[in-house]
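A short worksheet on the structure shown next.
Nothing in this text is a laboratory measurement; each read-out follows from the coordinates by a stated rule. These numbers come from a predicted model, not from an experiment. A quick note on method: Cβ atoms are made from the backbone with ideal geometry, for glycine too, and the neighbour counts reach across all protein chains shown.
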Amino acid sequence: MIQVSEEQVIQLAPDASSLKSGKDLASEKKWLRFYVNERALWGEVQGSGRDPYRTQIDIRNIAFKCSCPSRKFPCKHGIGLFLLFARQAVLFESQAQEPDWVREWMDKRQAPATKPEPVETGPVVDTKKLEKQAKDKEKRSAERWAKVAAGVAELELWTRDLVRNGLLGIAEKEVAFWNKTTARMVDAQASGLGNLVREYAELDTYNGHQWHSEALQHTAKIFLLLEAFKRWDTLPELLQEDVKNLIGWTQSQKELLESPQASVVSDQWLVMGKQTELQDDLTIQRNWLYGVNTGRYALVLYFAYKSAPIPTLLIPGTRVEADLVFFPSVYPLRAVIKQLGSSTSQLTHPVALPHWDAVLEQRSEVLSQYPWADMLPFFVDTLTPVLHASRWLLKDRDDKYLEINKKFSEQKIFQMLALSGGLPVSLFLLKTKNTVHPLGIWQNGAYHLL
């Protein structure tokens, strides 16, 4: 039977209000009845209506279902039931025989997704239609390329003007200035370039002089991308894919999974952390994985528009057997799940880098191949959190320091201090431009999410 910790369940909550309500429901007194077997949890809880709500959880391939009207996924009842199980699994009565409403849902989820082989009747091919479709696709591709090329030329002129007028003037620009050029890039079907322009508005121009170097680095990154596009024909094939992705082309996950050339990696993957970010009406979830046998890192992204649910296939702090398909790149990191197997809470200690010099050396190797990398995962040993001049830093065994990202909340820093006791620990973290962002801490044989 699966073992799950409270902090792993907390990671599944869609928002703070759902988590708060779920914690309130994580009490045996709130539930009329609750049961467990090898494949599911289920229970009934009295809601505002006459009939109790029926909540069920697939504990092998984490999924939730509830009869309540909530559009959140998982709802507060699912979070509450799972939290109760994480805290007091012994309270759950084991019951092999599932009620019909649980059995039907579970059987449907576990039914093989295969269809009977079609009867061979001989394919009917409309060659004229196929030729027309191919020509239309080629025409659309050429039209988009022309639009993007025009956008690249416009952005290059804009970037040169920005530098000519002096990057110090960035601090005086209003958000509307950046939004205007961002919109122009979206019109040119180069949304990736628009996102890079928008990042100027996120520079902390009130933080001393540090933003000066950050602005220069960001400008150089944009200019390098524009030059790469202009020299498209001279680039290696994988680098061409990277440039297209950065500018705004997207590859269908369905096409990637079906591609015979796709890189498939089978391993036991440690789910080391999860980040959720809201951009306008789009929710972006980043799941960071580490392959136990291959030593590879992977980033699995999920997107949801407005209140649409995000899959809960990956629970931070667990180890899952999976086949991942990596997007083509000179530095393949982003991947999609092709096949998901069983999961467990028993983790294996990843291979850790000994100090910051090793981190910076590996980062330099990546940047030499893929100079636009701005967020790289590492597992680093013997790091100690210290406070210096109102800044939180991580010190390695050689007494060298890197600053913790300011977006890392002070509450999590206190959590890290409480777990470490001020002693060196191993951390899974993301190396950004000039800072690091911890996601988890390995302490006394256990992995704790931050």
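Some notes on this structure:
- When the alpha carbon gyration tensor of the stretch 280-407 is reduced to an equivalent ellipsoid, the three semi-axes, largest first, read 28, 19, 17 Å.
- Dipole magnitude (debye, nearest 20) for the chain, charges at Cβ of Lys, Arg, Asp, Glu: 860 debye
- Calculated from the alpha-carbon coordinates, the stretch 356-449 shows an Rg and a Dmax of 13.0, 39 Å respectively.
- Gyration tensor verdict on the stretch 253-344 (Cα atoms; rounded if a/c is under 1.5, prolate if a/b is larger than b/c, oblate otherwise): oblate
- Order of Lys254, Lys180 - criterion: other Cβ atoms within 10 Å of each residue's Cβ, fewest first: Lys254, Lys180
- Across the stretch 6-110, C-alpha contacts under 8 Å between residues 6 or more apart give a mean separation that, scaled by the residue count, equals a relative contact order of 31 percent.
- FRET efficiency for the Leu224 to Asp399 pair, using the beta carbon distance and R₀ = 25 Å, is estimated at 0.15.
- Taking Asp381, Asp357, Asp242 and counting other C-beta atoms within 10 Å, the order from fewest to most: Asp357, Asp381, Asp242
- Site pair Glu93 and Arg164 shows an inter-label distance of 8.0 nm when each label is modelled 7 Å from Cα along Cα→Cβ.
- For the chain, the membrane-span-like helix rule (DSSP H, alpha carbon extent of at least 24 Å along the helix axis, mean Kyte-Doolittle at least -1.0) picks out 210-230; this says nothing about an actual membrane.
- Think of the chain as a dipole: +1 on every Lys or Arg Cβ, -1 on every Asp or Glu Cβ, centred on the Cα centre; then among Leu226, Ala146, Leu12, Leu12 lies furthest on the positive end.
- A Förster radius of 22 Å combined with the Cβ-Cβ distance from Ser70 to Gln275 puts the calculated FRET efficiency at roughly 0.40.
- Distance in nm between pseudo-label sites at Val264 and Ala418 (7 Å out along the Cβ direction from Cα): 4.5 nm
- The chain - percent relative contact order, Cα under 8 Å, separation 6 or more: 11 percent
- Proportion of all alpha-carbon pairs of the stretch 139-247 beyond 20 Å (%): 40 percent
- Cα-derived Rg over Rh, computed across the chain with Rh taken as Kirkwood radius: 1.00
- Qualifying trypsin sites (Lys or Arg not before Pro) for the stretch 1-88 [loop in DSSP, other Cβ within 10 Å: at most 15]: Arg50, Arg71
- Straightening the chain between Glu131 and Ala201 buys 20.6 nm, computed as 0.36 nm per residue apart minus the Cα-Cα spacing.
- Candidates Gly341, Ser364, Val330 compared by Cα position along the dipole of the stretch 281-386: farthest toward the positive end lies Gly341, with charges placed on Cβ.
- Per-residue Cβ neighbour counts within 10 Å put Leu157, Leu376, Leu360, Leu314 in the sequence Leu157, Leu360, Leu376, Leu314, beginning with the fewest.
- In straight-distance terms, cross-link reach from Lys407 covers every one of the lysines whose alpha-carbon lies under 24 Å from its own, apart from those fewer than eight places away in the same chain; here that gives Lys20, Lys173, Lys221, Lys274, Lys306, Lys395, Lys431, Lys433.
- Normalised by the number of residues in the stretch 362-450, the mean separation of alpha-carbon contacts (under 8 Å, six or more apart) gives a relative contact order of 29 percent.
- Theoretical gain in end-to-end length, Lys244 to Lys139 [0.36 nm per residue, Cα-Cα removed]: 36.0 nm
- Viscosity 0.692 mPa s, temperature 37 °C, Stokes-Einstein D of the stretch 6-110 from Kirkwood C-alpha radius, µm²/s: 242 µm²/s
- DSSP bridge pairs, the stretch 253-344: antiparallel proportion in percent, nearest 5: 95 percent
- Computed FRET value (nearest 0.05) for Met375 with Arg103, which takes r as the C-beta separation and R₀ as 45 Å: 0.55
- Remark: spin-label model distance Gln362-Leu282 equals 2.9 nm, labels positioned 7 Å along the Cα→Cβ axis.
- Antiparallel DSSP beta bridges within the chain, as percent of all bridges there, nearest 5: 90 percent
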